[in-house]
């Protein structure tokens, strides 16, 4: 029987619960929590049911110890000034603006890696139904985003490559106003595209759609658009 994303998400949360229960038993200063006490003895059969399919498997195999289960998953401490899905989406928007202004391998890498990992922040928040997140994950544009993110980070992909990251350097030549037939060739711009079969998808067009889809998802599912970072000052 294949486990669905809802079961896997619960297993991930309860794995963190077990970690906290073990810490409490070892006397590390964490107080007793009835949620952790109850869940710690219930979940082992779920976790031992075998490897989970991606994208959920990595969270079941290696959940962060800092995540607390108190009715639902809570966010961990912030990464400097990034402490919520909204914070990471704002970073993605800044990366998009840089990519649009100066399209290069560097700016493309930064944008797609950031944009893809908004999934992790939304999942860690624990307020969105996992099935809704899975539907977005399976969207064609986010599949291309996943490909560019993982291709950039790992170069060799375990599951093969359904897409191709295609770079076309600028072509020197004349413009339409100065073009001389038989003597010149038309200049061509530098191009960065994702090749999906025979279809070429421009990275800027793809980035525009990804940002719009994340914003719509946040609105529909009530993901806060406020910053999760709090200052002591």
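Remarks
- So residue 127, is it over 13 Å from the mean Cα position of the chain (by Cα) and assigned to a helix (DSSP H, G or I): no
- Taken over segment 87-125, the residue count meeting the criterion of being out of contact with any helix residue (DSSP H, G or I) (no Cβ under 7 Å at 6 or more places or on another chain) and more than 19 Å from residue 150 (Cβ to Cβ) is 8.
- Any chance residue 160 is over 16 Å from residue 204 (Cα atoms), modelled with pLDDT under 60 and loosely packed, with under 10 Cβ neighbours inside 10 Å: no
- Restricting segment 91-126 to residues that are touching a strand residue (DSSP E or B) at 6+ places or on another chain (Cβ under 9 Å) and either loosely packed, with under 14 Cβ neighbours inside 10 Å or without any contact (Cβ under 8 Å) to a residue 24 or more places away in the chain (or both), the residue that is farthest from residue 203 (Cα to Cα): 91
- Picking from residues in segment 168-190 that are closer than 16 Å to residue 202 by Cα and either surrounded by 13 or more Cβ atoms within 10 Å (Cβ to Cβ) or touching a strand residue (DSSP E or B) at 6+ places or on another chain (Cβ under 6 Å) (or both), the one that is modelled with the lowest pLDDT is 188.
The values are calculated or read from the model by the stated rules, or taken from the named source; none is laboratory data. Here the structure is a predicted model, which is why all the values come from computation and not from measurement. Cβ sites come from the backbone with ideal geometry, for glycine too, and all protein chains shown count toward neighbours.
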